[in-house]
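The values are calculated or read from the model by the stated rules, or taken from the named source; none is laboratory data. Given the structure is predicted, the values throughout are model-derived calculations rather than measurements. Positions of Cβ are generated from backbone atoms using ideal geometry, with glycine treated the same way; all protein chains shown enter the neighbour counts. Heads up: the accessible areas ignore ligands, DNA and RNA and are worked out on the full protein's heavy atoms, side chains in. Shrake-Rupley method; radii C 1.70, N 1.55, O 1.52, S 1.80 Å.
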Amino acid sequence: MAASMVFRNTRQYLRNIQCISRTSVRGAKDFKLAEAGVFHVFLPMLPPDTEETNTFMDYKNYPNMSEITPAKMLTGTVKRSILYHTEVGNLMFELKDSKKKKTFNEIFGCIENISIPLNFAETLTELCCFLSRDGEFMSVKERLRPQTVMSRVERFRSEAFYDTIREMKVNQELDEYQTTLVNYYLHNMVINGVHLGTEKKKYSNAVDYYENLCQTYRHLVYRCDEIYVKVIYDFRILQDVPLDVLRATAVDGRTPHRGPWRLTFHKDIYHAIMKYCSDRPTRCILYGDYMQRCGIGYHGTNICTRDVLENLLNQTDINATILGYNSYAELSLDSKMAGSVDNVKALFRLYNKELYPEVIEELEELQEFAKSCGFPHKLEMWDVEYFRNLQANHLYPIDENVVSDYFALSSVEEKFFGLCESLFGITIKEVECDENHIWLPTVKLYKIYNTDGEELASFFYDPHEYPTKIQRSEVMFGRDQSEILDVKPFATISLSLSQSTIPDTPTTMTFDQVTEFFFLFGKAFQKLLAKVPYAELADLQVMEVDARDICGNFFKKFCYEPFFLQQITSHIDTKQPMPMELVESLIKNKRHFEKWDIVRLLYYSEVDIELYTTDDEWNVIMARAWKKWNPFPFNNGYTEIFALSDIVCNDHKAAYYSHVWSKMVAADLFRAFQEAELENQTKMVELGKRFKDTYLTLGCGVPASEVFRRFRGRDPSFKILLEEMDIEDDKLLSSG
């Protein structure tokens, strides 16, 4: 099977596929490529796989998990990628003919027809790598990545497509969904330099250089985190650390109380040690090592990222300048809900004025508390989390084991689904599922219906941990909703809960796991329930970065309302709800010192924005931001920026403020429910319908700022999150 077409970067694309075809996996068959001239090429021979023989190609049905192999992952995804590249190339070629005008639906209908099958293959690949730690799956995924990325970016690099889209925006009558999609494409085309004319090649080379730098930086950070280990031999140092952390760090996890224990920079391990370890020297050493990751001569290694970092920052600025922006931050904020660097800095100013002084007071109180515990030293950064936890349990005592007995998984599921059904007019039902579509007997399939009984979406639900699965909670979207292809969306929602080893004993959850449950489902429903005419407008990756976590954070808010939290509790033995006294103590315990958490996020956010708006050196920026947001002495030897991938080369580059922004917007949204009284069922249903009609229905079809206005009737208020943290009203009024 072969077809002819014209497309850019042909040689590189073919080299990628040749590389993939040489991948050695069990059962994979090599397929040869036929390369023709510079412009006119024949596609490689396609793998023989079909929708009937390879589940990675069968996007119309749930995946057949019993038939998945690395070989099928390889050939199915490669074939979908080649078909995608072929059709996009043909479309771009046709658009060069000015006599053949194409309508919006013709162009974007074609793209959707080929995107849905490729998305399905890619997301199934991600799921396989998540559920299985088989190195072959991961190896295939890494080899597929360059090809699929190049396939997708091609449509943003076509000058003919760019001219067509610009003309379409001016001359065709577009509805708001079409306008949003057109604007998204135009923005990405500009980012890819399609409008630069003679400067296009220069910019393309600059982007390639930048991407290579990013890859080097990430690799060095990964190596640094992988090689670091601090071995503990004395159990007394770790005696207060939770059992699951002891099990994760012990050389033999089957005997978690018998050492030695290997401490690493894994997020859960590092934070647990800082929170629970009573041995101050151990905390101090671990914190110091963490803050010097990837520094010069780090632990005798040659993995310092300083030169790479400085080259990255310089190249980022060059690339933004070529595109006509004053700074990279200006470029980044051009496509965010916040809208401008000025708006983000206004948030910084208000919170620094009103929130930071409160944090200073709380740290002074923490110092006094530590002194009362016999602590003879002045608090340092490596002491804060430990004494914060002690103080929380002193002021609002809770027993985590007692608390978890009130959070039976089945009860939380039932009450959460009931909340969604009453608020949003949907029904969530577990349905029978072919055993070939599930990977474990504990995995369930749920379908979501509207009030008329119409199926809206479905999701696989995998709540428990097991050895082969990556141990984190995650939402993975399996298929996009498409009116054009007449398919409905589905996702996999995976938790990491321990199953009881005692027969007939229900699975229980900690409060933190309950809030994570709400967050994940909020994020999942934002895509699964979107009713938009074009699949890309339901893709959270298309959504503004600072808006992606708004729904998740909004759903979490219910867990901090005493009335509602009590409603979802049920003791595993007595079936009685949690006593209100314990409910209130639990919420206060978990919210203790939350102002410090926000201030820490704002410190990183300001470093991030300053790195991409000023010409100052990174160390000058970090010292300045530290003094603004942190009362502890700044250590010039700390080189934390050398290992901050999120800020340097990932999605949150010049967008780290999104972590605070999404919490701020979610607080504003939830305030509407609080004002209407959570106990008032009639008002809750009315607000729930409005929330569904905006945040759960519009997807990315309308800019995030406009979605908010349709729900609240105004722009977001920076102050509501402050009010939620009990910043005094008179202070807020005085700040305007």
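Remark: the Arg472-Lys201 segment gains 93.4 nm on full extension, using 0.36 nm per residue and subtracting the alpha carbon distance. When each of the peptides 169-182, 214-227 is scored by how many other beta carbons lie within 10 Å of its residues on average, the order from highest to lowest is 214-227, 169-182. In the stretch 228-291, the convex hull through the Cα atoms has an average projected area of 3.6 nm², a quarter of its surface area. Listed values for the stretch 60-65 are Karplus-derived 3J(HN,Hα) couplings in whole Hz (6.51 cos²θ - 1.76 cosθ + 1.60, θ = phi - 60°), namely 6, 10, 5, x, 8, 5, and x replaces Gly and Pro. Beyond 17 Å, the tail of the calculated P(r) for the stretch 45-155 holds 55 percent of the Cα pairs.
Near the amide H of Thr492, within less than 5 Å, lie the amide hydrogens of Phe460, Met476, Phe477, Gly478, all on another chain or at least 5 residues away, with H placed in the peptide plane. Note on Phe634: accessible area is roughly 60 Å² with a 1.4 Å probe, heavy atoms of protein only. A crude spin-label estimate for the pair Lys683 and Asn314, with each label 7 Å from Cα along the Cβ direction, gives 6.0 nm. Here the gap between Arg714 and Lys488, fully extended at 0.36 nm per residue and compared with their Cα-Cα distance, gives a gain of 78.1 nm.
Counting only residues at least eight positions apart within a chain, or on another chain, the lysines with an alpha carbon under 16 Å from that of Lys523 are Lys531, Lys556, Lys557, Lys663, Lys692. Here the spin labels are modelled as points 7 Å beyond Cα on the Cα-Cβ line, and at Glu67 and Glu617 they lie 6.1 nm apart. Separation of the stretch 209-268 from the stretch 571-603 is 28 Å, based on Cα centroids.
Across the stretch 158-175, computed HN-Hα scalar couplings (Karplus, 6.51 cos²θ - 1.76 cosθ + 1.60, θ = phi - 60°) run 8, 5, 5, 5, 4, 5, 5, 5, 4, 5, 4, 4, 7, 9, 9, 7, 10, 7 Hz from first to last residue, x flagging Gly and Pro. Here the Karplus curve 6.51 cos²θ - 1.76 cosθ + 1.60, taken at θ = phi - 60°, turns the phi angles of the stretch 215-232 into couplings of 4, 5, 4, 4, 5, 5, 5, 4, 4, 4, 5, 6, 7, 6, 7, 10, 8, 10 Hz, with x standing for Gly and Pro. Compared with the direct C-alpha span, the chain from Asn171 to Tyr233 gains 15.0 nm at full extension, assuming 0.36 nm per residue.
Between Val487 and Ser482, the built amide H atoms are under 5 Å apart, and every one of these is 5 or more places off in sequence or on another chain. For Leu497, the residues 5 or more places off, or on other chains, whose built amide H falls under 5 Å of its own are His464, Glu465. Simple spin-label estimate for His437 and Glu368 gives 6.1 nm between the two label positions (7 Å along the Cα-to-Cβ direction from each Cα). I'd like the distance separating the alpha-carbon centroids of the stretch 614-637 and the stretch 98-144, in whole Å. Using only Cα atoms, the two centres lie 43 Å from each other. The mean accessible area for residues of the chain, using a 1.4 Å probe and ignoring ligands and nucleic acids, is 45 Å² per residue. With R₀ fixed at 30 Å, the C-beta to C-beta distance from His266 to Lys627 puts the FRET efficiency at about 0.45. Apolar share of the accessible surface for the chain: 49 percent from carbon plus sulfur atoms, 1.4 Å probe.
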